[in-house]
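Notes follow once the structure below has been shown.
Taken together, the values in this text are just the output of simple stated rules run on the coordinates, not laboratory data. This structure is a prediction, so every number in the text was calculated from the model and none was measured. Don't worry about glycine lacking a Cβ; one is built from the backbone with ideal geometry, like all the others, and counts go over all protein chains shown.
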Amino acid sequence: MTDLDPVLFVHAISTVALVGLIWTIQLVHYPLFLRVPPEAFVGYEAEHMHRITWLVGPLMLLEAGSTVIVTLRQPESAIVWTGAALLLIIWILTATVQGPLHARLARDGFDEARIRLLVRSNWARTIAWSTRGVLALLLLGADDVVLATT
């Protein structure tokens, strides 16, 4: 049995934590936005954005940083590059779709069509993160993927 690589461990833990978080958001949290009374929605959305940032921000930074290190250490791995590409897609979707939708909801208030779009469009991130989770666990357990330098 080989020693556990700390970078792969951080990579797997941060990614798997984000997989759990994105599924919770997708199946529970975002759909519940439709239950918030319109007169309370702006405050609710602002509080959501503030609180979720403290949870998702550090995890996304750990995931991104560990992905860069893993990719630099194992540039010939298709699993590593697939995971990195999925992470890029997640960040692009967050910046161009989810983030702007949240900003509009925080500014304009309750909008059922926007909330439904938030839920629908988030499926792409949910699938991408779920796939990343599988890939990160494969990397963590792969005997032939040794990332420690000798």
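If the condition is being in contact with a helix residue (DSSP H, G or I) (Cβ under 8 Å, 6 or more places away or on another chain), surrounded by fewer than 17 Cβ atoms within 10 Å (Cβ to Cβ) and among the polar types (S, T, N, Q), then the stretch 80-120 contributes T82, T94. Within the stretch 1-47, being of a type in the set (D, E, K, R) and either surrounded by 15 or more Cβ atoms within 10 Å (Cβ to Cβ) or under 20 Å from the mean Cα position of the chain (by Cα) (or both) holds for D5, E45, E47. For the stretch 38-145, the helices (runs of 4 or more DSSP H) that sit wholly inside it and include 2 or more residues that are among the small types (G, A, S) and more than 30 Å from D3 (Cβ to Cβ) are 38-73, 99-108, 112-141.
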